[in-house]
1. Is the range 51-112 best put as rounded, prolate or oblate by its Cα gyration tensor, with a ≥ b ≥ c the root eigenvalues, rounded for a/c under 1.5, and otherwise prolate when a/b is larger than b/c, oblate when not?
2. Figure the gain on full extension for H134 and F34 (residue separation times 0.36 nm, minus the Cα-Cα span) and round it to one decimal in nm.
3. Working out 0.36 nm times the residue gap between M48 and A108, then minus their Cα-Cα distance, what length gain in nm do you get to one decimal?
4. Return the sequence-ordered ³J(HN,Hα) values of the range 86-95 in whole Hz as given by the Karplus equation 6.51 cos²θ - 1.76 cosθ + 1.60 applied to θ = phi - 60°, using x for Gly and Pro.
5. Each residue of the range 46-62 in order: what ³J(HN,Hα) in whole Hz does its phi give by Karplus 6.51 cos²θ - 1.76 cosθ + 1.60, θ = phi - 60°, with x for Gly and Pro?
6. What list of ³J(HN,Hα) values in whole Hz, one per residue of the range 121-137 in order, does the Karplus curve 6.51 cos²θ - 1.76 cosθ + 1.60 (θ = phi - 60°) give from phi, with Gly and Pro shown as x?
Amino acid sequence: MDRPQRGVEGTGSRGSEVMGDRHFQHPVVTDELFTRAIDGIPARMHGMHGLPHWQMVERNGLILAEKEGGDARVVSLFALLHDSRRINDDADPEHGPRAAALAKQLHAEGLLPLDETQLSQLVYACEHHTDEIHTGDITIACCWDADRLDLIRCGVEPDPEYLNTGTAIDKAGRSHQPEAELPTMQISANLPGA
């Protein structure tokens with residue numbers, strides 16, 4: 001059996017191959033915001049938790065948000081920020097809370113155009129993406145599932161027990177079936193929350 005393909009779409013495409021010159025698909029992630037998120041440290045761009053992972057999380061998350069009714073703006077910002085404060089690719093249990101603090105700081109500086117509900121969702125999603133499994137908030141669920149669907153990059157197939165949305169559970173369940181034909185899902189050109 002072939003190695004499972006990455007992402008909800010099942011194409012395994014990565015980063016700039018998918019998005020051209022832009023690092024992220026959703027317009028909420030501006031060049032200024034992207035620069036602040038990486039904080040001038042190019043090391044955050046590489047490795048298991050770097051830019052290619054962030055881009056796949058956004059790609060997965062936008063598909064999940066469209067299918068499940070999550071907030072695409074929050075999902076894209078989560079993709080950018082959730083691992084941006086990691087100090088390594090190994091154990092770093094405080095990276096989520098550091099990412100949440102960064103989200104609050106960027107919002108206070110006017111770089112995150114979010115209302116209070118959206119900010120609360122983003123902060124919670126970042127802070128708890130490694131220490132909680134399930135949530136009743138569909139936007140946070142899309143964030144966490146988008147991240148967990150990219151465990152393939154580590155050689156780990158996502159376990160449906162650790163997913164929240166029907167779309168992600170279906171994708172993970174199909175990837176566990178030998179010779180399964182994964183459905184192709186496309187992101188709508190009309191992104192909600194843009």
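1. It is oblate, given that a/c is not under 1.5 and a/b is not larger than b/c.
2. 33.2 nm
3. 18.6 nm
4. Each residue's phi maps through the Karplus curve to give 5, 9, 7, 8, 9, 5, 8, x, 9, 5 Hz.
5. 10, x, 4, 10, x, 3, x, 5, 4, 5, 5, 4, 5, 4, 4, x, 5
6. 4, 4, 4, 5, 4, 5, 4, 10, 5, 10, 10, 10, 10, 10, 8, x, 8
Read-outs throughout are calculated quantities, based only on the coordinates presented, and are distinct from any laboratory measurement. From a predicted model like this one, the values you see are computed outputs, not experimental measurements.
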